[in-house]
Amino acid sequence: MESVEFATAQEWYEKGNAFRKESKWHEAINCYIQAIELDPDSPAVEAKRMLDDIMAFYCKDMYNP
């Protein structure tokens, strides 16, 4: 991630959304974490939860044919 520091939770959230749209999941989650630290009621809470779900998903049938 670039070394730019954002001042508000909204800026971190928007940067996370930009990374998410580029499928840069790890960078997006890091931005969302920063947003949540600044504002625990940020929409980043839900965005991070959704990315966590995506990252934790796997198809059990692919492992047990």
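Read-outs throughout are calculated quantities, based only on the coordinates presented, and are distinct from any laboratory measurement. Only a predicted model underlies this, so the values are computations on that prediction, with no experimental measurement involved. Because the Cβ atoms are built from the backbone with ideal geometry, glycine has one as well, and the counts that use them run over all protein chains shown.
Bridgeable aspartates and glutamates around Lys24 (alpha carbons under 19 Å apart, same-chain partners fewer than 8 residues away excluded): Glu2, Glu5, Glu11, Glu14, Glu46, Asp52, Asp53.
DSSP loop (so not H, G, I, E, B), at most 14 other Cβ within 10 Å: list which GluC sites (Glu not before Pro) in the range 21-50 pass both filters.
Values: sites: Glu22, Glu27, Glu37, Glu46; in loops: Glu22.
Sparse-neighbourhood loop GluC sites (Glu not before Pro): Glu22.
Using a simple spin-label model with pseudo-atoms 7 Å out from Cα toward Cβ, Ala18 and Phe57 lie 2.6 nm apart. Computed over the Cα atoms of the range 9-63, pair by distinct pair, the Kirkwood hydrodynamic radius stands at 11.3 angstrom.
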